[in-house]
Amino acid sequence: MDVLTPAQRKLNMSRVRGRDTKPEMVIRQGLHARGFRYRLHDKTLPGRPDLVFAKYRTVVFVHGCFWHAHGCSRSKLPATRRRFWKEKLEGNAARDQRTVAALQASGWRILVVWECALRGPGHACPEAVVERAAAFLRKMCPQRLEIASERTELQCQRYVNRAKSTDVTR
């Protein structure tokens, strides 16, 4: 049962931002300070990436762990309306996968910075995250990189391994 009234919940949800979030601003300001110039939320590209570095043919997404179903400690399902939230978040994750596939097919490199890399338990120093993003921009070898907290990267690897082992037994 929700502890908030419908009016209070509506007010809370209306204040959830999709752009100019604190994690996004940390990445933007850090990369700008290092001399990288970018476009914001380019409507012509699939998924409207948070940052577009045309010179490097690279896009950056700064994903909130909850909204994009990351699987870390910050992305737990709410206790109420679980089926609704599960479908909603799985749909978001599926859309993210389609977006990444479309961008890669068009020759773009993708950097995903997860919220847990900058906030919460086990997060890295913001400067380290920005430096890792800058290094990805400078090097043209990997086509895709995801930056998450070290704890989260270990949890995700365990989750993937567990999912693979259960798929084999079914």
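The values are calculated or read from the model by the stated rules, or taken from the named source; none is laboratory data. These numbers were taken from a predicted model, which means no experiment stands behind them. Ideal geometry is used to build each Cβ from the backbone, glycine not excepted, and the neighbour counts take in all protein chains shown. Quick note on the areas: whole protein, heavy atoms, side chains included, nothing else; ligands and nucleic acids left out. Shrake-Rupley method; radii C 1.70, N 1.55, O 1.52, S 1.80 Å.
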Relative to the present Cα-Cα distance, how much length would full extension add between Arg138 and Arg119 at 0.36 nm per residue of separation? 4.3 nm
How far, in nm, would the chain grow between Phe84 and Ala105 when pulled straight, counting 0.36 nm per residue and subtracting the alpha carbon separation? 4.4 nm
Hey, what's the range 1-53 come to in accessible area per residue, 1.4 Å probe, Å²? 69
Quick one: net charge of Gln143's neighbours, Cβ under 13 Å, K/R +1, D/E -1? +3
Extended-chain gain in nm, criterion 0.36 nm per residue less alpha-carbon gap, Ala93 and Ala54: 11.5 nm
Label model pair Lys22, Val3: point-to-point distance (7 angstrom along the Cα→beta-carbon line) in nm is 1.9
Between Ala128 and Thr44, with labels modelled 7 Å along Cα→Cβ, what's the label distance in nm to one decimal, could you check? 3.8
Mean residue ellipticity (222 nm) of the chain, computed from DSSP H runs ≥ 4 via -39,500 (n - 2.57), nearest 500: -15000 deg cm²/dmol
Estimated distance in nm for a label pair at Leu11 and Trp67, the labels positioned 7 Å out from Cα along Cα-to-Cβ: 2.1
Return the carbon/sulfur percentage of the accessible area of the chain, one whole number, probe 1.4 Å, all protein chains in place. 54
Tilt relative to the chain, helix 22-33 - C-alpha long axis, 0 to 90 degrees, to 10: 10
Can you tell which of Gln104, Pro6, Gly122 lies farthest toward the positive end of the dipole of the chain, using +1 and -1 charges on the Cβ of basic and acidic side chains (Lys, Arg; Asp, Glu)? Pro6
Less than 10 Å Cβ to Cβ from Tyr38, Lys/Arg counted +1 and Asp/Glu -1: what total charge do the surrounding residues give? +2
